[in-house]
Every structure is written in structure tokens, then in C-alpha cells.
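Rule-based calculations on the coordinates, nothing more; no lab input. Quantities reported herein were computed from a predicted structural model and do not represent experimental measurements. We place every Cβ from the backbone using ideal geometry, glycine too, and count neighbours over all the protein chains shown.
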Amino acid sequence: MRRYSIVLFVIAVFLFIAYINVEDIESILIKKFIKQTNLKIDNEIKLKKSSTLGLAIATARDERLVHYLIDRDLNLSLDTFSMKLRKFTQFKNIHFKLLNVKGKIVYSTREVLYYNHCKKLLKLKRYYVADIMVDCYGLHFAAFVPLHKGGEIVGFLEVLSQFNSIVKDLKRFDVDAVVFLDKRLSAHAKALTNSVQGYKITNTNPAIKLVRLLRTISLSKLFHTTEPTAIGEKILSTYPIKDLAGNVYGWIVYAKDKNLIYANFINRSIIIRILFLTILLAVALIILIRYFEREKAKQQQQQLRYLYNVLDNLEEIVIMNDGKRMKYANKAFFKYFDEFGNLEEFLSKHACICNFFVHEKGFLMPIVDGKLWTSYVYEHKNENIYAKIAYKDKESIFQVKANKINGNEYVVIFIDVTEEYQKEQKLRTMAAIDPLTKVYNRYYFEELAQEKIEEAVITGNVLLFAMIDIDHFKSINDTYGHIAGDEVLRQIAAIIRQKFRQTDPIFRVGGEEFLIILETSSIEKVLQLLDELRNEVASAMFASIPKHITISIGVAKYKEGDSVQTLYERADKALYEAKRTGRNRLVFEGENSG
């Protein structure tokens, strides 16, 4: 009852203000009309993008598309599929295109006009994202999905949907609308012929009366004003059509009669009568609100059922999550987490998929920079973010994408990229390894050394750079040849690797020079190990050299304020001192040394 009393009070106050100042109330109603219409267009665009992307992902699962791209011997049924969509669903203007890896159209459910001109616009910027696109037929919602065969991309599926449904939906609320293409892009839309002042109309069957009215005013001024425009009994406003990067591609111009905006009863002649009908009006509003809430709930349930059906056909894991607790998971989720039959079973033991995240540097964690992981992924949607998930006896790498749907709730897609990621890491490792000695190279030293210094500062452990040089190595090459010299380098590198832990990275930083980064809590123990290494090399036998070989070692300790360069130089200086004073010895440049 309290809510109804508030409604009655607000209505009474509203009507009283309208009675004293009709112009003010008119301004409020117009602003409300503009706000609600813009909000409705916002929601329609979001739904259109989500539906287009979902349809693209689901359709791309048809393996016949890949066969067609490769063999061209399949009679595709996308035309039939497109007709069924128009007949049995809300998708009335859906078109499909198949493109090869170079962006060339090899199949289209719609005639491709002016191909040599429009092919310049076929730039596949992102996958699994719906955005605004311009082609020869004007503005569209477009979604690109890669087609794979054997782990490689062999082509792309492009799904296009139009703005006609948005215009039709506005018409149900007595709002006429026309969609215009930005004049700068008019040359691309060759197939469009209907225009006003050089701005091409991109939706089919535009409101004729509104088009006539727009011919009487300056469209350029209309597009660049933020205030509604009144022409006779019509109120006009615009909605800029932007892509994900914020670029304006065109505008939706919409208009509605003032009398309809004022709901046909807010005027000077009947305000007194409205005061006596307030109670009846309040009851009617309550009934209408309840009716529309039920209708809205019913429509949302239908949309959700449709969306869930689409998502359940995806191979990728899709969930709805607020960062802490899951609200939905598709079939692919339970195929991966196979001990759970449904979301209720999963939630009885785990609140979130993030419970399975591996806490490892470079991968997504439940909290990143003080934010829940879903918020972080959404805010960094243009970056490649990966999560390592450990379940039972397997670890998988997923690329993670998120889109906000309501408040703090997100739709999150997990795309399994384990094989591709492992290949990339293998290539990175190969690029960091010295091919002769199989230890890290100088390039990787430059990349890793700063990280090691930062870690030592945090942990408080002692950090040492140990430089190792093979004594008289030039004479070895000159006397026995470079092949023998290479064998010496390989054998000494093997001795060093056996002596130290895998966590102590070893680098070849010069022709016969090695460097070890050592993090320890005991300098004495490390120096003892290094001296043992020196003795082991001195006593080792080399198949290609009929004599013993010695090494000199210079060690420097990290001091506050040291950079990689200064610490390296001090280790090199200690090495020089070891060689100057007779070679086959270890010199430690300690904390108090110059």
C-alpha cells in the first residue's frame, strides 16, 4: 500500500506542477521521452549484438562450412537456414558470408554488389565480438568468427543483421525513425540510393512523412545538437551509432507527436478534470505496471531460453558470474567439469569457477589489482587474458572474454587455447636458449635479470651475479680448432647445470663467458658451491683437448640501488681481478667492496 500511496502522491504533485507551469512539465516529459527512447535503443543494440554474435558462434560449428572453404564441393544450405530464421524467429534480416583467410568473400546469402569497391572494408579486427560495420548496403551489426581445421584458421564466418527491427520496435511506441549513414561513409554504400542532403538512408521502408519533414531542415545541425528539436507538432532527436572504439558511423533520427508524448491528457483544458480522476488513474497505472512487468518477465524468459539453447550448442565454456558466485553454466562447462551433472551440484561444493584458477604469474587470478576477476576481464576486453585451470589430473589454458549484462553480472566465455599456448611458450623457450650450450642466451638474460632483482628486493634474500670465464680459451681455439672449442663450451655448460638448481638460471653472455643468477640466504654456501665448480672443471677430462682446463669466477652481491647494468659490471670487475691475479680462482666483490 505504501508504494501505491507514493504513486498517488507523485501523480498529484506532478499534476499540480503541470497546472502551474505547463511549459516546465512539457520540457520534463520531452526529456523523459528522449531518455527512455535512447535507453530502449541502447538495449536493442546490445541485444542485437549479443544475438548476432551468438548466432555466428553457433553457426560456425557446422563443419560443412570448413569443407566448403577447402573443397568447394558442398551445396551449402545457409540460404535455407537464413529463410528459416526469418520465418520462425525474430531474426528478419540476417545474412551470412564465408570469407577465406585473406578476407575474400567466397559465399554470400546476399548478392555482393560493387565487390571491387567494398572489399576494402572487409577488415577482420576482432573475433568473437559483435560491432558496427559498413558495406555496400549500409550499416549493419556484424560478427566475425574464425573457422578452424586442424588447429589452424582457414577462413571466417561473417553474420550481418540490420537496424530494421529497431525501427519497427520504435514504431510500436508511435515513434517514427530513420537510420542515416555518416556522409563521410556514403561512398562505400553504393547500393543505397535514397538520401537526404547527401546522408544516405540505410534502413528499408523508412517513415515517409518523417523523411519529408527532414528535407526541410539542416540535418548537419540536427546531428550535432544535444537538444531535442521541435518542428510543428513533432519532437525530433538523434541517437549516434558508434562502434566499440567510439567512432560514429551514423545516426538514428526519431520523432513523435507532442500530443502522444503528453499522453493525450496533459494540457491546460483538462488538468482540473485530471485532479478528480487521480485515483482512477493510479489504479490504471498499477494494473498497467503489473501487466507490463508480467509481459516483460515473459519476454525475458523467452529470450533467456533462446539464448541458453544457443549457448548450449557452443564448444566453449560459457558462464554467468558476478565474480564470486555462478548463476549459469552451459553444457560445455559440465563436459569439462564432468563430475557435476548440473549447476546445483557444482555450487554445493564450489561457488565459482575461479576456485580452479592456478595462481601462477601471467595468468588470471580471482582478485587482480584489487578487483574481482570478472570486472578486470571486462575492463581489459581489448587485451588477451588467459586463465590456467587445474581440474583432476589436467591443466588447461583458456582465453577469457567477458561482457556485462546486468549490474555486476557478466557473461564470460572460456576458449580453450591450451595447444596454441603451449606451442607459443615452446617457441619463446627456444628463442631464449643458446643453441650450442643449451643454457639461456644473452637476450633472455636482459629480460629476466630485472625480474630477479625485483623478486630479491621483495623476499629480502641475497642476490648474486656469478661471472665465469674459461681461461685461455682463445688458445684452445687456435691450437685445437673451433670444433674442439665448441665441445669444451658444451661440456663446461653441462658441468655448471649439474652443479646448480633449475631455479638458478644460467646464461651464456659472451663467447666463453657464463653468468649465473643466484638467490640465497647463505653467501658462504654459494661461494663454496662455486669453488667446488671451479675444482670440478679443473679436474675434468675433455675428449677433444689433451690437457686440463681451468675457469675464473667473479662474484658480486646486489646492493640497494643497483641496476642490472651496475651489478653486471661489478661481477665483471671481480672476474677481471680473478684473471689478473693468476686465473683458476674465485674473487668475491662483497657488500663493502669498492
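Below, the figures for the structure above:
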{"read-out": "Cβ-placed point charges (K, R +1; D, E -1), dipole of segment 338-468 about Cα centre in debye, nearest 20", "value": "220 debye"}
{"read-out": "Cα→Cβ-extended label distance, 7 Å offset, between K423 and E532, nm", "value": "4.3 nm"}
{"read-out": "Within segment 331-379: Cβ-based charge dipole about Cα centre, in debye rounded to nearest 20 (Lys, Arg +1; Asp, Glu -1)", "value": "80 debye"}
{"read-out": "Label-to-label distance, nm, for residues given as T459 and E233 (7 Å Cα→Cβ offset)", "value": "8.1 nm"}
{"read-out": "Full-extension gain in nm, Q302 to S544, via 0.36 nm per residue minus C-alpha separation", "value": "79.2 nm"}
{"read-out": "Two-site FRET efficiency, N408 against E152, from Cβ-Cβ distance with R₀ of 45 Å, rounded to 0.05", "value": "0.75"}
{"read-out": "Label-to-label distance, nm, for residues given as Q498 and H359 (7 Å Cα→Cβ offset)", "value": "3.8 nm"}
{"read-out": "Viscosity 1.567 mPa s, 4 °C: Kirkwood-radius Stokes-Einstein D of segment 433-589 over Cα pairs, µm²/s", "value": "82 µm²/s"}
{"read-out": "Only Lys, Arg (+1) and Asp, Glu (-1) charged, at Cβ; segment 433-589 dipole about Cα centre in debye", "value": "480 debye"}
{"read-out": "Other-chain or far-sequence residues with amide H under 5 Å of K256's (modelled H)", "value": "I235"}
{"read-out": "Dipole of segment 315-418, positive end: most advanced residue of G362, A402, N342 [Cβ charges, Cα centre]", "value": "A402"}
{"read-out": "For segment 328-351 versus segment 479-497, the gap between their alpha-carbon centres in whole angstrom", "value": "56 Å"}
{"read-out": "C-alpha center-to-center spacing [segment 200-242, segment 96-112] in angstrom", "value": "34 Å"}
{"read-out": "Shape of segment 476-541, Cα gyration tensor, a/c cut at 1.5", "value": "prolate"}
